[in-house]
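Chemist: Below is a structure I'd like to ask you about.
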Amino acid sequence: MDLRNLFKGAYVGLDMKKGAGVDVVADFEQVGWQSAEPERFNTVICTDTLEHMRDPRSAVEHMYEALNPGGACIISVPFAWYLHDHPDDYWRMAPAAVTHLLKG
């Protein structure tokens, strides 16, 4: 999903497959922000993705690492939704689970 028209300035779309709004094709769990001088963002948006992560807590930690101080992380996850597997579908998270992940 291409959201760049909603944000001023730099926008980087990352997904595991090519598509609208995708600038970087990569596995988020493999990319991380582990370099000495990581790129930082004012906003990180993660829509309908955490259910595909083997380790969603680690994914949230990577998102926080990518944020500038005072930045915002916007996350959505499906709850009552059919299984879909690109590449896998592991989790259904209730609101309390997402809150728990974000407090990590």
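Chemist: Somewhere in the stretch 86-96, is a residue surrounded by 16 or more Cβ atoms within 10 Å (Cβ to Cβ), at pLDDT below 85 and not hydrophobic (A, V, I, L, M, F, W, C)?
Modeler: Checked the stretch 86-96: no residue is surrounded by 16 or more Cβ atoms within 10 Å (Cβ to Cβ), at pLDDT below 85 and not hydrophobic (A, V, I, L, M, F, W, C).
Chemist: Hey, among the residues in the stretch 50-71 that are farther than 16 Å from Lys103 by Cβ and assigned to a strand (DSSP E or B), which one's most open to solvent (accessible area, probe 1.4 Å)?
Modeler: Pro69
This table checks each residue for (1) open to solvent by less than 40 Å² (accessible area, probe 1.4 Å); (2) part of a loop (DSSP other than H, G, I, E, B); (3) at pLDDT below 85.
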| residue | (1), (2), (3) |
| --- | --- |
| Tyr11 | no, yes, yes |
| Gly19 | no, yes, no |
| Pro38 | yes, yes, yes |
| Ile45 | no, no, no |
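Chemist: Of all residues in the stretch 53-97, which are touching a residue at least 40 places away in the same chain (Cβ under 8 Å) and either within 22 Å of Lys18 (Cα to Cα) or under 13 Å from the mean Cα position of the chain (by Cα) (or both)? Step through it out loud before you land on a result.
Modeler: Taking the stretch 53-97 first, the residues touching a residue at least 40 places away in the same chain (Cβ under 8 Å) are 56-57, 60-61, 86-87, 91-93.
Matches in the stretch 53-97: Pro56, Arg57, Val60, Glu61, His86, Pro87.
Chemist: Would you confirm whether or not the stretch 54-64 contains a residue that is modelled with pLDDT under 85 and acidic (Asp, Glu)?
Modeler: no
Chemist: On to the next question. Which numbered condition trips up Leu6, out of (1) surrounded by 12 or more Cβ atoms within 10 Å (Cβ to Cβ); (2) at pLDDT below 85?
Modeler: If we test Leu6 against (1) surrounded by 12 or more Cβ atoms within 10 Å (Cβ to Cβ); (2) at pLDDT below 85, just (1) comes out false.
The values are calculated or read from the model by the stated rules, or taken from the named source; none is laboratory data. Just so you know, these numbers come straight off a predicted model, no measurement behind them. Note that each Cβ is placed from the backbone with ideal geometry, even for glycine, and that neighbours are counted across all protein chains shown. Areas reflect the complete protein model, heavy atoms only, side chains present, ligands, DNA and RNA absent. Shrake-Rupley method; radii C 1.70, N 1.55, O 1.52, S 1.80 Å.
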